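The values are calculated or read from the model by the stated rules, or taken from the named source; none is laboratory data. Everything numeric in this text was worked out from a predicted model, so none of it was measured. Glycine also receives a Cβ, built like all others from the backbone with ideal geometry; neighbour counts cover every protein chain displayed. Just so you know, the surface numbers come from the protein's heavy atoms only, side chains and all, with ligands and any DNA or RNA stripped out. Shrake-Rupley method; radii C 1.70, N 1.55, O 1.52, S 1.80 Å.
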Amino acid sequence: MKLTRTIHIAGCLAAALTFAGCAQDKPPEAAPGAAPVPQMVTDLSSVSGATIDPLGTHAVPKRGEGLLHESNSGDSGPRTFGAEPGLSRSVGTDANPAEVRLLNDKAAKFANFSQVILERIFAQLRIAERTEEIARTKLPTDIKPVVITAIMDKNGKLTELILEQHSGKARIDQMMLSVCKKAIWYRNPPADALAPDGTYHLTVQCRLENYASTDETHWSFVTRLGLGIG
């Protein structure tokens, strides 16, 4: 995993605010022909050098790899977690549609562990979506999923967040980083889910779309949330 900058946790919030203000809701543009580079926003410990390909949507991940596997099931897919990745589960309402899913084989293998993490992320995400700043946001139709790699230590404590892919809206990126900081932790995580470097590598993917507005100012959203384990 390639890291382009390191920031200690004591300066994380200040750095995030500075980033949001400078970005003005636009991600930094890469140089012509340059490949997208993951950006670390929180550094609390070292990370494995294993490669994460959050855009590898057509590659079926082998067990234990941190690749995303896009579901072909769509809204008609099973509404429960199963033994295969990509199965979606509806967790929203008619007013606030949402679905969560497991993104790779390892997340499906440790489905109970994955589900607890997803539920915590979703609960914090729902709170964030209702804040004035986010609720008033009109999202572009071509917005991309935010992709974040989260590292937990062997005790289930979050130590690091890496922004792998910008959504195209800086406030949404920062919202998801804040959500992950609050939601990602686990007491007594399964030892078999550890990565080779002795930490837990979680890939979080979230895409929001404007759904409905009663006053043409405040919005509810369609939320699509996924989790993979590396």
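Here are some notes:
- Full extension of the chain between residue 187 and residue 215 gives 5.8 nm of extra length, using 0.36 nm per residue less the Cα-Cα distance.
- Efficiency of FRET between residue 119 and residue 141 - r from beta-carbon atoms, R0 22 angstrom, step 0.05: 0.15
- Neighbour net charge for residue 127 - beta-carbon separation under 14 angstrom, K R +1, D E -1: +1
- Per-residue accessible area (protein heavy atoms, 1.4 Å probe) orders 138, 169 as 138, 169, starting from the largest.
- Flagged links, alpha-carbon separation over 22 Å, of 106/144; 157/182; 154/181: 106/144
- Rounded, prolate or oblate (a/c below 1.5 giving rounded, otherwise prolate when a/b exceeds b/c) for region 101-168 by Cα gyration tensor: prolate
- Across 181, 154, 106, the residue with the most accessible area heads the list, and the full order at a 1.4 Å probe is 154, 181, 106.
- Here's the picture: a label point sits 7 Å out from the Cα of residue 95 along the beta-carbon direction, and within region 211-230 the residues with their amide nitrogen under 17 Å of it are 211-223.
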